[in-house]
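The values are calculated or read from the model by the stated rules, or taken from the named source; none is laboratory data. What you see is a predicted model, and the numbers here were worked out from it, not measured in a lab. Neighbour counts run over all protein chains shown; Cβ positions are idealised from the backbone, glycine included.
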Amino acid sequence: MLGLCNSHRLFVVTLVVLAGIQPSYSSPTTRYFQFNVEWKKVTRLCHTKPLLTVNGEYPGPTVAVHEGDNVEVKVTNRIAKNTTIHWHGIRQLRSGWADGPAYITQCPIRGGQSYTYVFSVIDQRGTLLWHAHYGWQRASVYGAFIIYPRMPYPFSAVPIKAEVPIIFGEWWNGDVDAVENEMMLYGSGPNSSDAYTINGLPGPLYPCSNKDTFIQTVERGKTYMLRIINAALNDELFFAIANHTLTVVEVDAIYTKPFTTTAIMVAPGQTTDVLITANQIPDSSGMFLMAATPYVTAIFPFNNSTTIAFLKYKNTGNEKFEAPTLPRSLTLGNLPEMRDTAFATKFSKKLRSLASLEYPCNVPKKIDKRVITTISLNLQDCPANKTCKGYGDKRFSASMNNQSFVRPSKSILESYYKNLATDAYSTDFPEKPRNAFDYTGVDPLAENMNAEFGTRILVVSYGTSIEIVLQGTSFLNVENHPIHVHGHNFFIVGSGFGNFNVAKHPAKYNLVDPPERNTVAVPAGGWAAIRLKADNPGVWFIHCHLEEHTSWGLSTAFIVKNGHGHSQSLLPPPEDFPLC
Ligand code: C2O
């Protein structure tokens, strides 16, 4: 079945436990993977349906490489629909052709076609994810992307017994395409998922899913690394393990100053590596609960359920424990309440870059440009002859600086690179809100909530240090938006509730050890300021990683022009690059 069984083998090993940790620091090499995008019948919650997968796996195969490796993933599309794959958080230095977002950097891979994504993994180490970047396909097409470091881990003198990917997702009993189509047709909120999953398994709190439960065996006294990934479509999640604390050591493939916490908040697109020590005395079940539940600020209907998995201590006389029912004595313990914004805020504020000699924090101290943009939901008047099912018979949309992003029909990168005369996009994205107002304090219904539709993006020259202030609004409702930037990491230099104030807030920025990430959870009813150096020529998508908001247009993109120096320009497109 598989052209190369490399990826298949990796998958089998990694989902059980990644053994043999801190692998040998082999010299950079090229790693090949074959991804077949194909349907596979999968059953969860007693619903069997054809699920879109890579190589029939759900979650998809783990891509594991070493820092410095070249990676070649041949993606063959075996379905009668378009697809693309995105390597979320990989910098793609000069290789923007391999980034993956449909109509931004490439046209889709059509049914029956293949495209080989070729890129190098430079100066990043830790956990990322890959996922489909076409429509809502990432609902089931996702997996872990692990980058082993070349140097020993900086955070632990204690040996790590095993590394375990913990990937959160969402399961729909029905067809996800239909959910997307319906919300796009009527401008309504999407139907929420039927379950959250841990490594593709919902756990016993859902109907008919006892046997679909993830169990991780641990040995008492040993330390483990959990590589936690939020691949859910539309929900930020809290995660905790009963009776055990988590020591955060890395987020978005960047080391952090280690800190210990009872729970984490992880937004879609974010990753968090934590260490746990199996230092508890279990009861007769030998088990402790791991659980993830949404952190929700929205007023829209959402999936308010909890997915659980188990830590199972070895040699506790319960080796045959296979189909767990929820043991009475176990509690969710450390898990915050769904609306615990105070916890989410406290957690985010604890994150700091390691900022050591070996792993410096290269935050731009001075900036060349500041862009202030609202991130908001909108309510559009219903077009004539259409039915709208959003609030008040209107349709929902979403925007940045009131621009609701419309996907062009040809990829922006190709149009830009080939200098095509195109009306596919324009480079006049507003650099501040057109009308300043009390973003987080307005009476939304008194405001004009219509957005403009278009494909407006930004252009910057190579090397520009740019600050982007992401300003939440209370249009419709305040909500925590995870904003993801492609092709660059950024530093979260400041954040807060209410409105950003240029006279007041920049003076308080952290320019010493701010967290470096690729996705920032902008506080609900607040703002976040991020800084990055635009040192990667190409076209880069910026968007909310809640898929419903991307569908509604909460996105834009920026072009980074070629520099004049050696290695400051985008490489030419590969020969098999999919054209529109
Ligand atoms: Cu994880 Cu543009 O995506």
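For the stretch 30-78, the set of residues classified as among the β-branched types (Val, Ile, Thr), surrounded by 17 or more Cβ atoms within 10 Å (Cβ to Cβ) and farther than 17 Å from Gln92 by Cβ consists of Val37, Val42, Thr53, Val54, Thr62, Thr76, listed by residue number.
In the stretch 244-271, which residue that is among the hydroxyl-bearing types (Ser, Thr, Tyr) and touching a Phe, Trp or Tyr at 6+ places or on another chain (Cβ under 8 Å) is nearest to Arg150 (Cα to Cα)? Checked the stretch 244-271; the qualifying residue nearest to Arg150 (Cα to Cα) is Tyr255.
Filtered by the rule that a residue be over 18 Å from Thr373 (Cβ atoms), in contact with a Phe, Trp or Tyr (Cβ under 8 Å, 6 or more places away or on another chain) and in a loop (DSSP other than H, G, I, E, B), the stretch 403-456 gives Arg407, Pro408, Ser409, Lys410, Ser411.
Residue-by-condition table, conditions (1) among the hydrophobic types (A, V, I, L, M, F, W, C); (2) under 30 Å from Leu185 (Cβ atoms):
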site: Glu516; (1), (2): no, no
site: Pro523; (1), (2): no, no
site: Trp527; (1), (2): yes, no
site: Pro537; (1), (2): no, no
site: Thr550; (1), (2): no, yes
site: Gly553; (1), (2): no, yes
site: Phe558; (1), (2): yes, no
site: Glu575; (1), (2): no, no
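Here the stretch 179-199 is the region considered, the condition is being of a type in the set (Gly, Ala, Ser) and closer than 15 Å to Cys388 by Cα, and the residue that is nearest to the chain's Cα centre (by Cα) is Gly189. Asn536 - would you say it is more than 16 Å from the ligand (Cβ to nearest atom) and either under 16 Å from Ile375 (Cβ atoms) or not in a strand (DSSP E or B) (or both)? Spelling it out, it is not the case that Asn536 is more than 16 Å from the ligand (Cβ to nearest atom) and either under 16 Å from Ile375 (Cβ atoms) or not in a strand (DSSP E or B) (or both). Identify, please: which residue in the stretch 486-538 is of a type in the set (Lys, Arg) and in contact (Cβ under 8 Å) with a residue 40 or more places away in the chain and is, among those, surrounded by the fewest Cβ atoms within 10 Å (Cβ to Cβ)? In this case the residue turns out to be Lys533. Kindly indicate whether Pro514 is in a loop (DSSP other than H, G, I, E, B) and outside the structural domain of Asp428 (by TED's automatic domain parsing). Spelling it out, it is not the case that Pro514 is in a loop (DSSP other than H, G, I, E, B) and outside the structural domain of Asp428 (by TED's automatic domain parsing). Across the stretch 509-533, the qualifying residues are those that are of a type in the set (Lys, Arg) and away from the ligand (no atom under 16 Å from the Cβ), and the one among them that is farthest from the chain's Cα centre (by Cα) is Lys533.
Please pick out the residue among Val42, Val71 that is farther than 24 Å from Phe214 by Cβ, in contact with a Phe, Trp or Tyr (Cβ under 7 Å, 6 or more places away or on another chain), away from the ligand (no atom under 16 Å from the Cβ) and not in a loop (DSSP other than H, G, I, E, B).
Details: Val42 fails: farther than 24 Å from Phe214 by Cβ.
After ruling out the rest, the residue left standing is Val71.
Looking only at the stretch 136-158, residues that are surrounded by fewer than 24 Cβ atoms within 10 Å (Cβ to Cβ) and either among the hydroxyl-bearing types (Ser, Thr, Tyr) or in contact with a Cys (Cβ under 6 Å, 6 or more places away or on another chain) (or both) come to 3 in all. Annotation: of all residues in the stretch 459-508 being hydrophobic (A, V, I, L, M, F, W, C) and within 16 Å of the ligand (Cβ to nearest atom), the one that is nearest to Gly96 (Cα to Cα) is Val485.
Screening the stretch 245-255 for residues that are of a type in the set (Ser, Thr, Tyr) and in contact with a strand residue (DSSP E or B) (Cβ under 6 Å, 6 or more places away or on another chain) and picking the one that is nearest to Pro514 (Cα to Cα) gives Thr247. Selection over the stretch 135-178 of residues that are in contact with a His (Cβ under 6 Å, 6 or more places away or on another chain) and either among the basic types (Lys, Arg) or outside the structural domain of Leu237 (by TED's automatic domain parsing) (or both) gives a count of 1.
Within the stretch 113-136, being touching a helix residue (DSSP H, G or I) at 6+ places or on another chain (Cβ under 7 Å) and under 17 Å from Thr30 (Cα atoms) holds for Tyr117, Val118, Phe119. Here Leu579 clears all of (1) modelled with pLDDT under 95; (2) within 16 Å of the ligand (Cβ to nearest atom) except the condition numbered (2). Applying the criterion of being buried (at least 24 other Cβ atoms within 10 Å of the Cβ) and assigned to a strand (DSSP E or B) to the residues of the stretch 265-287, the residue that is nearest to the ligand (Cβ to nearest atom) is Thr271.
Of the numbered criteria (1) touching a residue at least 40 places away in the same chain (Cβ under 8 Å); (2) small (Gly, Ala, Ser); (3) touching a Pro at 6+ places or on another chain (Cβ under 8 Å), the one Ala424 fails is (1).
Filter the stretch 81-105 down to the residues that are more than 16 Å from Ile412 (Cα to Cα), crowded, with 24+ Cβ neighbours inside 10 Å and more than 10 Å from the ligand (Cβ to nearest atom) and list them by number. The answer is Thr83, Ile85, Ile90, Gln92.
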